[in-house]
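Only the coordinates and a few stated rules stand behind these numbers; no lab work does. Keep in mind that this is a model prediction, so the values were computed, not measured. Glycine also receives a Cβ, built like all others from the backbone with ideal geometry; neighbour counts cover every protein chain displayed.
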Amino acid sequence: MFSKQEIEHPLKVKELDLSHKLLKKLPPELVKFENLEEINLSENPDLDLSTSFQLLSRFKNLRSLSLSSVTTPIPDNISTLAGLEELHLEKNRLTSIPEGVKKLTRLRELDLWDNKINTISLQPGDLPNLEEIQLGLNKLTAFPGDLSLIPSLKIISVYSNSISLVSPAIKKMVHLEDLDMRGNKISSLPVEFGELKTLKKLNLRENQLSFITPLLNLIGLEKLDIGDNKIEDIPGKISILTNLKDLSLSSNPIKTVPEKIADVRSLITLGIDGNDSAKLPAYLSLVATLPELKTLSIALGGIKEMPPEFEKLTQVNSFFIWDCDLTKPERKRLRALFPKASFNFHKSWGDESFYKYRPCTMDENDWDTISVDNLKFRYLFVGQSYDHTDDDGIHYWEGKILLNLDKKTVDKKTAEKILIAIADRLQMEDITAARTCRAFEIMHSSISPKSDEVKKYYEENFIGIYYRKSGLKRY
């Protein structure tokens, strides 16, 4: 459980990883690590938390605790870990913030993503120093107004909930700098939203917004993503966002090319892919006037040759070109035209729904629903990569998915059918599936699993790799 070095020099140990050990109680030897600052106890579903917190309360320097994927409720005596500054409680089926957690007065970062939280109830004085809270992948239907009772909050993430209502109380979050609300059901924002003067990063992708007027008062914004909404018009007032460096307007039914974007001369990154490809020449002419622009994302809608306006984009050094059916000679011509720029050409998809699934990291996940054998399920997209299939880099996709499947109700054969259905739906060349992140880690580990227990875990939780050309490869 502990390494030889840890056992020989316990006072030098500041971090311990005891995750995936199937612990029921913490080992008594733990008390030797007097200077412990960080401990990971995740994926120990049967761990006795009450007695564990009693033991951990002895460590006066303990600052960080990871406790994801446990099956027992979080007991109130977690409040005895008074020095905690960082707490990870994701994937614990929580329906609210545990009462003991609210009393952690030094806590700065709280991670509660992928639970079942449907409401946030706080009192003045709860979590007085909290700066960041992660609430993505929960069951919220309204933006939690009680978060305004924590004036120190700087970062809030509520992505992939079912939020349709944003309270005017949001204006009380006077120190908020980063707000992630993507993947919800927001159709409108209150006027008070425009009072978030400290906001620097705002993600509203994949909502139902038609108007963005309140956003145009956020003069401190540096990054704004309003892609995948129902926005038809970009008001000319967008020109007052003079600090904006990164803007995505992707996949909106914009009727008129927003010429005032040319006045946002601070832009470095711009995404206009997924909009009306017939307007692409006009968009390219507009982009050519942005002096600081370095990264551009566009979609071609299946056209075979790039419009001549593209040749004006001499300031851009990185191009992401989606829905690309450019011929090979045309791609080579573009590379020769801008020899110092990088080009990322991405093939047209067989299914339009795949358009939104672009390369993503573990903290940028997308949800969807498919039905197999009359069984509806959700899958969590955890990563993508691509293969170069010709010498100038056209990309075909492969990927990894984490299936949200209960082993008791979904047997492995059905899980394999689901894997194949997803690969076919997303038109991927190959796709890897597992039930847990740990199964991915074991699969990619350069060291073979040593214990029978780890091997059994992998056999149960790794589903397989599906190759479109050769079929399914099992464990």
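Kirkwood Rh over alpha-carbon pairs of the stretch 234-356, then Stokes-Einstein at 20 °C and 1.002 mPa s: what D in µm² s⁻¹, rounded to an integer?
Working: Rh = 14.7 Å.
It diffuses with D of about 145 µm²/s by this estimate.
From the alpha carbon centroid of the stretch 89-136 to that of the stretch 287-332 is 44 Å. Computed from backbone phi, the HN-Hα couplings of the stretch 20-32 come to 6, 9, 6, 6, 10, 9, 6, x, x, 5, 4, 5, 6 Hz, rounded to whole numbers (Karplus: 6.51 cos²θ - 1.76 cosθ + 1.60, θ = phi - 60°; Gly and Pro given as x). Residues LYS102, LYS171, ranked from the fewest to the most other C-beta atoms within 10 Å, line up as LYS171, LYS102.
Test of understanding: ordering HIS88, HIS346 by Cβ neighbours within 10 Å, fewest first, what list do you get? Please report the intermediate quantities before stating the final value.
Details: HIS88 20, HIS346 23.
Fewest to most other Cβ atoms nearby, the residues stand as HIS88, HIS346.
Here ARG335, ARG63 are placed in order of increasing Cβ neighbour count within 10 Å, fewest first, which gives ARG335, ARG63. Reported to the nearest whole Å, the Cα centre-to-centre distance from the stretch 224-271 to the stretch 50-82 is 46.
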